[in-house]
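Throughout, read-outs are computed from the coordinates displayed, never taken from laboratory work. Fair warning: this is a prediction, and the values are worked out from it, not measured in the lab. Quick reminder, even Gly has a Cβ in these numbers, built from the backbone with ideal geometry, and neighbours come from all protein chains shown.
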Amino acid sequence: MEDSDRIREIADRLVAAQAGLYSYILTLLPWSDQANDVLQETNLVLWREAAEFSRESNFQAWACRVAYFQAERVNGFETTAVRN
């Protein structure tokens, strides 16, 4: 597959995943502002790591896994901030 086709495929999958990904993130974080930030960070990670995604894999599951770890970073930061 040519690079331009691969980029288009990832972009299409990323766009198609947005609503479901945002809904998932809202189950992890209580505030929509946080969810929006995590969605944007997740999109950046997915785009940067796109070469690691296998076409045979489930894109939505991969995106949710990345979102989970991005949300954990936010939750971890808040827990530390509350303690201080």
Taking the Cα atoms only, what angle lies between the long axis of helix 32-48 and the longest principal axis of the chain, rounded to 10 degrees?
40
Could you give the length gained by full extension between Q60 and D5, i.e. 0.36 nm per residue of separation minus their alpha carbon distance, to one decimal place?
17.9 nm
Give the share of C-alpha pairs in each 5 angstrom bin for the range 3-83, from 0 to the last occupied bin, in whole percents, shortest bins first.
3, 15, 27, 23, 14, 9, 5, 2, 1, 0
The answer for trypsin sites (Lys or Arg not before Pro) in the range 1-69 that fall in a DSSP coil and have at most 12 neighbouring Cβ atoms within 10 Å is R55
